[in-house]
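Here the structure comes first, spelled out in structure tokens, and everything after it is commentary.
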Amino acid sequence: TRSKIPGSGVVNVVDRGIIPLQNPLDNSAEDYSEKLNVLFNDQTIKYVFLPKGVYPIKNTIVLGTNTHLIGTVPNFTEIRVHPLWRPGQRVDAIRTVNNAAATTTISNLLIKIDASKGNNYFDAIHWQAGKNSVIYYAHVDTYGAPGPSRCRTATEQYGNERNDYHFSGNGGGRVWGT
């Protein structure tokens, strides 16, 4: 209801043309990273609500200083690395601004990364928001490559170094249910 009130600072992404998709996600799925980044960069928007569904991204999404990204329940609301996003080096799926005073919050969602077939350069969440920030039930599901580090057998390399949660710079705050 509050997302319908002009100037409330609350946005339901569906009202901005970001329609949640369903699994399975195929290569023709739309990329929502640009539309989401527009919302996260808008200083008049404080709360961004993602209803149940899948939101594919082909580029890093960056949460602003005062952004509160809210899903419904982990595994119901999912930000997923698009099947066609195949970087050749480490990259963040989600990152916050590097700001000690940031009050950034991410809650009740799943960040899903397909690391199969050598597509395993993704760090899921790179947190640089300060001591007043919160991660609350933001789960990461990286599938397709076992282990977070460079593991080798005699014939096969399982993956590249990557982090589910990476804290650097001013990264801090409170973390629950990860």
Summing -39500 (n - 2.57) over every DSSP H run of at least 4 in the chain, dividing by its residue total and rounding to the nearest 500, the 222 nm mean residue ellipticity is -1500 deg cm²/dmol
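Restricting to segment 26-116, compute how many DSSP beta bridges are antiparallel as a %, nearest 5.
Values: 0 of 18 bridges.
Within segment 26-116, antiparallel bridges account for around 0 percent of the total.
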GNM of the chain, Cα pairs under 10 angstrom: of Gly130, Gly64, Gly17, the biggest fluctuation goes to Gly17
For Asn41 and Thr72, extending 7 Å from Cα along the Cα-Cβ vector and measuring point to point gives, in nm, a value of 3.0
For Lys58, the aspartates and glutamates lying under 12 Å Cα to Cα, once residues fewer than eight places off in the same chain are dropped, come out as Glu30, Asp31, Glu34, Asp92
Ratio for the chain, C-alpha Rg to 2.2 N^0.38 Å, reads 1.02
So the carbon and sulfur contribution to the accessible area of the chain, 1.4 Å probe, in percent, is 49
Among Arg80, Arg16, Arg162, the residue with the largest mean-square fluctuation in a Gaussian network model of the chain built from Cα contacts under 10 Å is Arg16
For segment 52-140, the Cα-Cα pair-distance distribution in 10 Å bins from 0, as whole percents, is 18, 48, 29, 4
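The values are calculated or read from the model by the stated rules, or taken from the named source; none is laboratory data. Quick caveat, the model's predicted, so the values are computed rather than measured. For neighbour counting, all protein chains shown are included, and Cβ atoms are generated from backbone atoms with ideal geometry for every residue, glycine included. To get the accessible areas, we keep the full protein, side chains included, count just its heavy atoms, and leave off ligands, DNA and RNA. Shrake-Rupley method; radii C 1.70, N 1.55, O 1.52, S 1.80 Å.
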